Every structure is written in C-alpha cells, then in structure tokens.
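> Below is the structure I would like to discuss, written out as structure tokens.
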Amino acid sequence: MNADAPIGVIFGECLIDDFGDVRRLGGAPFNVAQHLHALGVASVFVSRVGRDASGQHILQHMRDWGMSTDEVTEDALLPTGRVRVTADVRQGHRFEILPHQAYDAIRLSSGMIPAIPWLYHGSLALRENGPSRATWRQLRARAQWRFVDINLRDPWWNQELLTEVIQGSSILKCNMEELEQIIRTYELSPASTLREAMQMVARHFDVQAVLLTRGAAGAAYGDGANFYEAEAVSTAVQDTVGAGDAFAAGWLWSLFHGDAIPRRLQRAGELAAAICASSGAMPDQPEFYRTIMARWTKED
C-alpha cells in the first residue's frame, strides 16, 4: 500500500464517553476515522447513532471536520452509544459499557458497498448477534485486506465470537493484556518469548501479522518472518484514553505511505504519545494534526 491507497471502510461504534463532569466523543472506530481523515487518508465510516441529542452532536462534529456522514444511519428506538468512564487507580480508567445501543444495529444506508480495498473494525460493535454483526459479515466478505483491533471488555465478548472476528485477518492489533487473554482462552502452549507468543497467536488464527501495544513498554510487530520492537515515545501524560486508537491510525497512515515496519511503529507511537499528552481521545483543533504532519513530512 502507498499514499495513493484507495478509499477503505471503517466499521463500528461511535459513542459518548461520559466522565460525569464532562462528555467526549469516542469509540475506537470513530476515533480512528477522524485521525485518518485529518491526516489525509480517505475512508467510509459505517456506524449508527440514535435520533437524539448525542447522535446529532456526533453528526455535527463529523460535518464540522469535513467527514462524510453518508453511512452513519439514525435509529429511532435505540440511543446513541454511551460509556460511563471512571478513574481507576490500577487501570487508569474503568469503562462501563451500556447494552443495547444504536451501534448494535448498524445497517448500510446505500445498499451494498461493492468492493472494499481495506477494512478496519473492532469487536465491540459485534457483541450482539443482530444487525451490526450481519452488516459486518457483508463488509468482511468484500474486504481485500482487514485490520482487526479487538477490545475485550467483559462481558461483551466470547470465544466463539472472537474466533470469527480474528480468523484470517491481515493485522490483529491487541494490547499485552488481550494477548495474554487470548492465549489463556484458547489454551495455547506457553511461550518463552514475546515473539513466540505473537507468532503462536498468528498461526492459530491464520493471521498475517500481530501488532501489539504495551503501554510504557512500547510496541511490537510480528509476522511469520519478521519481529520488531519499539520503545514508547516519551511524553508528559495527561491521560491514556484513546492512545491505542491513535496508535492504530498512525500505523495505518504510515503503512499507506509505504513506510518500512520500524518507521510504522515509530509514527504510530508518536501519534499515540501526542494524544496522551492532551486530554481526551481526540484533539479539538485541526492544528494538532498539522503539527504531526509537518514533522512527518519533514522526516520524509
């Protein structure tokens, strides 16, 4: 893939992160869609909101940023997704994900998308065996290349669903805790090194490569022939909400621009670090992205 990569599809939830005293837009696919759009990578965002104030806020935000809302449909019965976020001394934040939200009923507004050069999706919007999962299966069947960014939040996943989501994907992105959870869930053999653990998971699911985020320990990439590790980019952390989504977007941008794997890890880490240095999962102003792009363009 290169800078002329064709328009792909980003599928999944857009929602409101409710911190009690403040509410912010969120949802990993939504965050990734905004990051890539602001960085100049075109995509079709496929999601669903409620016919309520929160849904109108999300749609207006997308219009303000110049993002297409053509495939963000409205639900007359289900509310716009909401997650209650509270501080947690051990984990940083604790997320209470509410059931039966509009993103559980995602449908395509314009019929079938005929061909999909690349597809990004997570696992949360697939938690119910309903419209969202059916729509995702249609998109997956037409995707030439698939980036899977799992989000294992209890009780919103199970082994059967996870197998279907991961199997045969091009890139599986997860964090260290999720990698260990996968190994336990599928009773895979203990691995003596991180490289072996990632390769074992890739083989089990017939995945081309595993992309691993490790927080302050950095990140790693492994496929059948290659293994790379990268240190975390130093930054003054305000909060880590959305860091993984920024990492995914930075990786995809770098991939589409033809960068080698070490550069992809570096740029993904830089975008994640920049998000951690600000409050919330997404910046309020386009200047944030102009600064990032100016640095990356200079490096090229």
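> Tell me whether the stretch 63-74 contains one or more residues that are within 22 Å of Trp253 (Cβ to Cβ) and assigned to a helix (DSSP H, G or I).
Within the stretch 63-74, one or more residues are within 22 Å of Trp253 (Cβ to Cβ) and assigned to a helix (DSSP H, G or I).
> Counting just the residues of the stretch 191-213 that are at pLDDT 95 or above and part of a loop (DSSP other than H, G, I, E, B), which one comes out surrounded by the most Cβ atoms within 10 Å (Cβ to Cβ)?
Checked the stretch 191-213; the qualifying residue surrounded by the most Cβ atoms within 10 Å (Cβ to Cβ) is Val207.
> Within the bounds of the stretch 269-281, is there any residue that is among the small types (Gly, Ala, Ser) and at positive phi?
The answer is yes, given that some residue of the stretch 269-281 is among the small types (Gly, Ala, Ser) and at positive phi.
> Restricting attention to the stretch 234-258, which residues are over 17 Å from Gly27 (Cα atoms) and crowded, with 19+ Cβ neighbours inside 10 Å?
Trp251, Leu252, Trp253, Ser254, Leu255, Phe256, His257
> Here is a check on your reading of the model: is Ala294 at pLDDT below 90 and part of a loop (DSSP other than H, G, I, E, B)? Please lay out each step first, then the result.
Details: at pLDDT below 90: yes; part of a loop (DSSP other than H, G, I, E, B): no.
The answer is no for Ala294.
> With respect to Gln56, is the statement that it is without any contact (Cβ under 8 Å) to a residue 24 or more places away in the chain, part of a helix (DSSP H, G or I) and either closer than 13 Å to Met282 by Cβ or not hydrophobic (A, V, I, L, M, F, W, C) (or both) true? If you could, list the steps in order and put the result at the bottom.
On the way: without any contact (Cβ under 8 Å) to a residue 24 or more places away in the chain: yes; part of a helix (DSSP H, G or I): yes; either closer than 13 Å to Met282 by Cβ or not hydrophobic (A, V, I, L, M, F, W, C) (or both): yes.
Yes; evaluated as a whole, the condition is true for this residue.
> Residue by residue through the stretch 8-40, note down the ones that are part of a loop (DSSP other than H, G, I, E, B) and out of contact with any strand residue (DSSP E or B) (no Cβ under 8 Å at 6 or more places or on another chain).
Of everything in the stretch 8-40, those that are part of a loop (DSSP other than H, G, I, E, B) and out of contact with any strand residue (DSSP E or B) (no Cβ under 8 Å at 6 or more places or on another chain) turn out to be Asp21, Val22, Leu39, Gly40.
Here is a yes/no grid of residues against (1) in contact (Cβ under 8 Å) with a residue 40 or more places away in the chain; (2) under 12 Å from His35 (Cα atoms); (3) in contact with a strand residue (DSSP E or B) (Cβ under 8 Å, 6 or more places away or on another chain); (4) assigned to a strand (DSSP E or B):
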residue	(1), (2), (3), (4)
Gly222	no, no, yes, yes
Ala225	no, no, no, no
Glu229	no, no, yes, yes
Ser234	no, no, no, no
Val241	yes, no, yes, no
Gly250	yes, yes, no, no
Trp253	yes, yes, no, no
Gly258	yes, no, no, no
Pro262	no, no, yes, no
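> While we're here: Output the residues belonging to the stretch 94-132 that are aromatic (Phe, Trp, Tyr) and farther than 16 Å from Gly81 by Cα. If you could, list the steps in order and put the result at the bottom.
So the first thing to find is which residues in the stretch 94-132 are aromatic (Phe, Trp, Tyr), and the list is 95, 103, 118, 120.
Within the stretch 94-132, Trp118, Tyr120 meet the criteria.
> When you go through (1) of a type in the set (A, V, I, L, M); (2) more than 30 Å from Arg23 (Cβ to Cβ); (3) touching a strand residue (DSSP E or B) at 6+ places or on another chain (Cβ under 9 Å) one by one for Met176, which number turns out not to apply?
(2)
> Looking at Ala28, Ala42, Ala38, which is the one that is under 16 Å from the mean Cα position of the chain (by Cα), within 28 Å of Trp296 (Cβ to Cβ) and without any contact (Cβ under 8 Å) to a residue 60 or more places away in the chain?
Ala42
> Between Ile171, Ile113, which is touching a Leu at 6+ places or on another chain (Cβ under 8 Å), at pLDDT below 95 and among the aliphatic types (A, V, I, L, M)? Break it down stepwise before answering.
Details: Ile171 fails: at pLDDT below 95.
The unique qualifying residue is Ile113.
The values are calculated or read from the model by the stated rules, or taken from the named source; none is laboratory data. These numbers come from a predicted model, not from an experiment. Cβ sites come from the backbone with ideal geometry, for glycine too, and all protein chains shown count toward neighbours.
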